[in-house]
Amino acid sequence: MKRTQAILATVVAATIGPATHAQPALATNGTGPAQNVVLVHGAFADGSGWRGVYDELTRRGYRVTIVQNPLTSLADDVASTRRILDRQDGPTILVGHSWGGTVITEAGMHPNVAGLVYVSALVPDAGESTAQQYQGFAATPEFVIDVQEDGFGFLNPQHFQAGFAHDVGDADAAFMRDAQVPISMSVFETRVQNAAWRTKPSWAVIATEDKAFDQAMLVHMAERAGAQITRVPASHAVFMTQPKVVAATIERAAREAVAGIARK
């Protein structure tokens, strides 16, 4: 038994040891720039779409972690995000794309979160549902959702590239279409209980060629949250196609967020 325990201890040490030292030591006293970034994907996608942003930020010395949302309910997605936030060792910038914006609005109440970045994302207020954000704004006919009998939605294959990723190459768009993650349509009717942007500074990247949202809707939500807005020509897949712009916005948030909380 002792020999078995010794072997297990050796294996665990060999497995964990290198990973423990993979990231540089980061300031955690809360007085300097946030060094941690957590990325939250939206509907019909998974966390792999953040690879370009991840690469940009890790090259700049940030510790980046990506949430894999189950897209089964707002509560489940918020729980997945909080689980990752619990693992951060200091001030963290929480970033959400599309539906991920609703998730970070609620999950951003976590004490480790110093600032929020909305990437062509939904920004509801406390007591509001995601669906309410669309009221009074123009329809988006190229963004077509097929709802299955079980209540989960996929983007229509024929409209996927035009509605989600028109600035992505045909082969990559086809892979994204065929690898999409369905979302429970009930999430859009769930009301957010808290709006972290009311107490924490926020930034927004708006894709000016986004076919998933009316531009006026994106601007309205970002301005209501008091977000500093960056506009970039891109599709709804801006988190993939404009990683340098998105990463630069996140880096600005990391530098300014702690002071921003103090001002609020």
Original post:
For region 143-165, how many residues meet the condition of being open to solvent by less than 70 Å² (accessible area, probe 1.4 Å), touching a residue at least 24 places away in the same chain (Cβ under 8 Å) and part of a loop (DSSP other than H, G, I, E, B)?
Top reply: 3
Subject >> Considering residues of region 40-60 that are touching a strand residue (DSSP E or B) at 6+ places or on another chain (Cβ under 7 Å) and in a helix (DSSP H, G or I) only, the residue most open to solvent (accessible area, probe 1.4 Å) >> reply: Tyr54
Subject >> Count of residues meeting criterion [of a type in the set (Gly, Ala, Ser) and either within 16 Å of the chain's Cα centre (by Cα) or over 18 Å from Gln133 (Cα atoms) (or both)] in region 186-201 >> reply: 2
Original post:
Which one of these is more than 20 Å from Asn69 (Cβ to Cβ), more than 19 Å from the chain's Cα centre (by Cα) and in contact (Cβ under 8 Å) with a residue 40 or more places away in the chain: Ala254, Ala216, Ala222?
Top reply: Ala216
Subject >> Residue count for region 101-142, restricted to those that are assigned to a strand (DSSP E or B) and of a type in the set (Val, Ile, Thr) >> reply: 3
**OP:** Considering every residue within region 71-82, establish whether at least one is of a type in the set (D, E, K, R) and either in a strand (DSSP E or B) or in contact with a Leu (Cβ under 8 Å, 6 or more places away or on another chain) (or both).
**Re:** yes
Subject >> Within region 175-185, considering residues that are closer than 28 Å to Gln132 by Cα and in a helix (DSSP H, G or I), the one least open to solvent (accessible area, probe 1.4 Å) >> reply: Met176
Subject >> Every pair of residues 6+ apart whose Cβ atoms lie under 6 Å, when the first sits in region 167-185 and is closer than 21 Å to Glu209 by Cα while the second is of a type in the set (S, T, N, Q) and in a loop (DSSP other than H, G, I, E, B) >> reply: Asp167/Ser235
Subject >> Unique match (being in contact (Cβ under 8 Å) with a residue 24 or more places away in the chain and under 14 Å from His41 (Cβ atoms)) among Ser98, Ser80 >> reply: Ser98
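Every residue, every condition in (1) over 25 Å from Asn36 (Cβ atoms); (2) assigned to a helix (DSSP H, G or I); (3) among the aliphatic types (A, V, I, L, M); (4) modelled with pLDDT of 95 or more, yes or no:
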site	(1), (2), (3), (4)
Ala173	yes, yes, yes, yes
Trp203	no, no, no, yes
Phe213	yes, no, no, yes
Ile261	no, yes, yes, no
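Residue-wise test of (1) more than 22 Å from Gln133 (Cβ to Cβ); (2) among the aromatic types (Phe, Trp, Tyr).
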| position | (1), (2) |
| --- | --- |
| Gln161 | yes, no |
| Val168 | yes, no |
| Trp203 | no, yes |
| Leu218 | no, no |
| Met221 | no, no |
| Gly226 | no, no |
| His236 | no, no |
| Val245 | yes, no |
| Ala248 | yes, no |
**OP:** Could you grab me the full set of residues in region 175-201 that are among the β-branched types (Val, Ile, Thr) and either within 23 Å of Val144 (Cα to Cα) or modelled with pLDDT under 95 (or both)?
**Re:** Val181, Ile183, Val187, Thr190
Subject >> The lone exception for Phe188 - which of (1) open to solvent by less than 10 Å² (accessible area, probe 1.4 Å); (2) within 24 Å of Thr72 (Cβ to Cβ); (3) assigned to a helix (DSSP H, G or I) it fails >> reply: (1)
Original post:
Restricting attention to region 194-253, and to residues there that are of a type in the set (S, T, N, Q) and closer than 15 Å to Ala114 by Cβ, which single residue is surrounded by the fewest Cβ atoms within 10 Å (Cβ to Cβ)?
Top reply: Thr199
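The values are calculated or read from the model by the stated rules, or taken from the named source; none is laboratory data. What you are looking at is a predicted structure, and each value in this text was computed from that prediction instead of being measured. Cβ: placed from backbone, ideal geometry, glycine included. Neighbour counts: every protein chain shown. For accessibility, only protein heavy atoms count, side chains too; no ligands or nucleic acids. Shrake-Rupley method; radii C 1.70, N 1.55, O 1.52, S 1.80 Å.
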